[in-house]
Structure formats: structure tokens, C-alpha cells
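One structure below.
Nothing in this text is a laboratory measurement; each read-out follows from the coordinates by a stated rule. If you're wondering where the values come from, they're calculated on a predicted model, not measured in any experiment. So basically every Cβ, Gly included, is an ideal-geometry build from the backbone, and we count neighbours across all protein chains shown.
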Amino acid sequence: MRRLDDQRGAVRVEDVYDTAIDDLWSAITQPARLARWMADVEGEPVLGGTFHAVFTSGWEGPGRVDVCEAPGRLLVTLSPGADDETVVEARLTAEGDRTRLVVEERGLPLEVLHFHGAGWQAHLEDLGRALAGEDSVWQPRWKELTPVYEALAVP
């Protein structure tokens, strides 16, 4: 977690998955696969497209795809134009037969960084579960991780 200015910050989480980069790209961009681990998405998840997402975390709202460079980089704006607008960037890197995914959400109020850090880590863990054919455990895992991230809070 890091401070961007006096009011806003960013969270960054990453994981490495036992799958090829093209498969992981599909898992983070295709609505049917996103629904298995993070969010129900309706709309046009293509460059310049808009969508509506309902996350397993409970967050619901509009988004816009600002960068879509398959299979390496995706950048979306959540709640575009609103006071709570944030930018989420995903970067994928092949590491042999595995793929590293780095997710960063920028523009968050400092007082909620720990909630989002815990949330993104839980989402990325659920992605690993989805790739293995297992069920999501987002809520209990988020509850476990929140105090850990709170201890890491940006002063």
C-alpha cells in the first residue's frame, strides 16, 4: 500500500499461477470466467467499452476499459467521473509455464486502503482456486486478511 497524495493511495497485490499467460488473460477478461472468482460483469469488456460489475465483495458500479493489451496489460476505471473513481491495472508476465499477475488499484481514500488490499489479495487467491476448479472463499478470507492489511496501513 502506498500514498499517492494527502488523501488518496494505492494497493498492489500479486500472485503466480500454474497456467499459461493466455489462459490467465482469459480468466481476467472473459465475463463467464470472471464470475467464477471475482465479479459478474455485463457490458462490453473491450477497449473503450463500458460495463457494469457486481463484485463478490459487494461493490457494484460502472467501469470503462481504458487499456486492453492482450495478454499483458489491462487498465480499467471504476466509477468513471465519480468522486470515488479508481483505476485498476492488471499486468501479466509469463514465467516459464506459469504466469505472474500484478494488480494495482489507485485513487482510493487512505482510510480504506487496508480493506481493498485485503480484498484484492482474497480475489487473487480465489482466482487460483477457480483455476484449480475450486470454490471461492472470498468473505471469510477477507475477514482474516483485513487486520493484517490494517497493520500495514499507510501513516
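Structure above, values below:
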item: Taking N as its residue count, the alpha carbon Rg of the range 48-87 over 2.2 N^0.38 Å; result: 1.19
item: Largest to smallest principal axis extent of the C-alpha atoms in the range 2-151, angstrom; result: 41, 35, 26
item: Net charge over other residues, Cβ less than 14 angstrom from the Cβ of Gln139 (K, R count +1; D, E count -1); result: -1
item: Sum of side-chain charges, Leu74 neighbourhood, beta-carbon under 13 Å (Lys, Arg +1; Asp, Glu -1); result: -2
item: Percent RCO, i.e. relative contact order, over the chain, from Cα pairs under 8 Å lying at least 6 residues apart; result: 27 percent
item: The range 8-65-the range 86-140 distance, computed between alpha-carbon centres (Å); result: 9 Å
